[in-house]
Amino acid sequence: MWVGGVCRRPPIGWDDVPTWRAVRATGECVLPGQAERLRTEGVPVQDGRVDLSGARFDGFPSNGPLLALKAEQDALAERVSLRDEPGDEPAPPGPIAAVDVAYPSPGVARAAYVEMEPNSLEPTYELAVESPAPFPYVSGFLTYRELPAYAALIERLCGCRGEPGRAPSVVLVDGNGILHPRRGGVASGLGVLADVPTVGVAKKRLCGTVREDGRIELDGEVVGACVANPAIDGGKPIFISPGHRVSVATAERLATDWFRDHRLPEPLWRADRLSKTG
DNA sequence: GCGACAG
DNA sequence: ATCTTGTCGC
């Protein structure tokens, strides 16, 4: 939010909001007549700059919600496994699934599930489930917005299909896995929650550095790969990272093996569309 | 101090 | 992510 812009031209109904009391972090006054007005209120101002040592207000009520969630993410990261499943690598390609979430209206999430067999062009199974989405989108905390929707999806999935015997060997998730400031993106969250191998696929880079070889480095560690679908010339790349129970190399192979006619791996493209159409 | 920031 | 008109390309 551009605080300066709002304070310079307060919205209707902000007559009671003391917008002139907001200054730069340096104490510098930026609004016309701001320094003078603050001085009349007893605020120490010198050279158009507030002496923040005594005048600063930082008594905003907060229990630091994101700090607690960061701790949760650290705990999640501890539970993430980067080991490949036996028989998954080198790899008879098995059935794969993909999930994504759309928001048909504010506060409502629609999670979609698409399952495909290696050689079929059409999905083997599809399901979309709606649920409340009270948590806002905050970069780095996507898990808290979308995981509840996936939980609702899984619940219905088990109820509709029963037979937990033929679960997909891996689930592609729209978002990051360990390519995350605390190594705990949505793909990892879903993987740990459902105890299934997951691969994170993001359309934009959240963090890390893309090396010349396409590998993505974070704190000196390779956490994923940046790859474009060769079938689309001039296409933008996607950012692949392990969610849970797969290595970086396997995550990349699983996702890129499903490149077809779209930027995203086919199952994920279908899940994205299903989440939007219902 | 300034820019970046999954969906 | 979602809101939107025209527009570029196959």
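The values are calculated or read from the model by the stated rules, or taken from the named source; none is laboratory data. Remember, predicted model here, so these are calculated numbers, not experimental data. Ideal geometry is used to build each Cβ from the backbone, glycine not excepted, and the neighbour counts take in all protein chains shown. The area values use the complete protein model at the heavy-atom level, side chains included, leaving out ligands, DNA and RNA. Shrake-Rupley method; radii C 1.70, N 1.55, O 1.52, S 1.80 Å.
In segment A:240-254, which residue that is of a type in the set (Gly, Ala, Ser) and surrounded by fewer than 24 Cβ atoms within 10 Å (Cβ to Cβ) is farthest from A:Arg79 (Cα to Cα)?
A:Ala249
Condition (residue is exposed (fewer than 14 other Cβ atoms within 10 Å of the Cβ) and away from DNA strand B (no atom under 14 Å from the Cβ)) applied to segment A:97-112: is it met by at least one residue?
no
Within segment A:220-239, how many residues are within 19 Å of A:Ala187 (Cβ to Cβ) and either in contact (Cβ under 8 Å) with a residue 40 or more places away in the chain or open to solvent by 60 Å² or more (accessible area, probe 1.4 Å) (or both)?
Residues that pass the stated criteria total 4.
Would you mind stating whether A:Ala25 is in contact with a Pro (Cβ under 6 Å, 6 or more places away or on another chain) and within 14 Å of DNA strand B (Cβ to nearest atom)?
Taking the combined requirement at face value, the residue does not satisfy it.
Which residue out of A:Glu117, A:Glu78, A:Glu85 is open to solvent by 40 Å² or more (accessible area, probe 1.4 Å), under 19 Å from A:Gly191 (Cβ atoms) and modelled with pLDDT of 90 or more?
That would be A:Glu78, the only listed residue that is open to solvent by 40 Å² or more (accessible area, probe 1.4 Å), under 19 Å from A:Gly191 (Cβ atoms) and modelled with pLDDT of 90 or more.
If a residue counts only when it is over 18 Å from A:Leu264 (Cβ atoms), which strands (runs of 3 or more DSSP E) contained entirely in segment A:90-207 have at least 1 such residues?
Filter on segment A:90-207 gives A:96-105, A:108-116, A:125-132.
I'd like to check something: does segment A:174-187 contain any residue that is over 14 Å from the mean Cα position of the chain (by Cα), over 19 Å from A:Asp84 (Cβ atoms) and of a type in the set (Gly, Ala, Ser)?
No.
Is at least one residue of segment A:152-163 open to solvent by less than 10 Å² (accessible area, probe 1.4 Å) and within 16 Å of DNA strand C (Cβ to nearest atom)?
Checked against the condition, which is being open to solvent by less than 10 Å² (accessible area, probe 1.4 Å) and within 16 Å of DNA strand C (Cβ to nearest atom), segment A:152-163 yields at least one hit.
If you scan segment A:176-221, which residues turn out to be under 20 Å from A:Ala75 (Cα atoms), among the small types (Gly, Ala, Ser) and near DNA strand B (Cβ under 10 Å from one of its atoms)?
The answer is A:Gly177, A:Gly184, A:Gly185, A:Ala187, A:Ser188, A:Gly189, A:Gly200.
Looking at (1) under 28 Å from A:Val129 (Cα atoms); (2) surrounded by fewer than 16 Cβ atoms within 10 Å (Cβ to Cβ); (3) within 16 Å of DNA strand C (Cβ to nearest atom), which is the only condition A:Asp257 fails?
(3) is the only condition that A:Asp257 fails.
Can you give me the number of residues within segment A:205-215 that are open to solvent by less than 70 Å² (accessible area, probe 1.4 Å) and either modelled with pLDDT under 95 or within 17 Å of the chain's Cα centre (by Cα) (or both)?
3
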